[in-house]
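Okay, structure first, notes after.
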Amino acid sequence: MMEWVEVGASDGFPEGGLRVDVAGHRLAVFRIEGELYVIGDRCSHQEASLAEGELFDYDVECPRHGSEFDVRTGRPGSLPATRPVPSYQIREEDGKVMVQLEPDLGEV
């Protein structure tokens, strides 16, 4: 069952990308023109941190091999990656950023 999990304060996410580890998940949170997006932080090709990649509009470039992923959907837009990374629902409420996640089975 999915649940909403707090990942930080709204003002803690400036423009660009930031890695967040929460509830057993490694996430890349991006703020682009004031809007928030969140995808899995591990590149599906070789697990590099996508939060450390360079943004081009809504695409983040993997710093290891240059694959690009759409931060809105997690879909790859260039090789060598061919599989998407997870994409998550995100919302801001009462000054907090919340992400909808599956619970980490290790915490049960």
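List of remarks:
- Neighbour cut-off at most 16 other Cβ (10 Å), DSSP loop, GluC sites (Glu not before Pro), the stretch 33-108: Glu33, Glu47
- Contour minus Cα-Cα distance for Leu55 and Leu79 (0.36 nm per residue): 7.0 nm
- Estimated dipole of the chain in Debye, rounded to 20 [Cβ of Lys and Arg +1, of Asp and Glu -1, Cα centre]: 380
- Spin-label pair Ala48-Arg91: with each label point 7 Å from Cα along the Cα-Cβ axis, the two points sit 3.5 nm from one another.
- In the context of the full set of protein chains, the stretch 1-103 has a per residue accessible area of 55 Å² (1.4 Å probe).
- Computed over the stretch 6-89: relative contact order in percent, which uses C-alpha pairs under 8 Å that are six or more apart: 21
- Ratio of Rg to Rh for the stretch 1-93: 0.94 [Cα atoms; Kirkwood radius as inverse mean 1/r over pairs].
- Positive-end extreme of charge dipole, the chain - chosen from Gln100, Phe13, Pro86 (charges on Cβ): Pro86
- Solvent-accessible area of the chain (1.4 angstrom probe, protein heavy atoms only): carbon and sulfur portion equals 44 percent.
The values are calculated or read from the model by the stated rules, or taken from the named source; none is laboratory data. None of these values were measured; they are calculated from a predicted model. Using ideal geometry, Cβ is built from the backbone for each residue, glycine included, and neighbour counts are taken over all protein chains shown. Accessible surface is based on the protein model in full, side chains and every heavy atom, while ligands, DNA and RNA are left aside. Shrake-Rupley method; radii C 1.70, N 1.55, O 1.52, S 1.80 Å.
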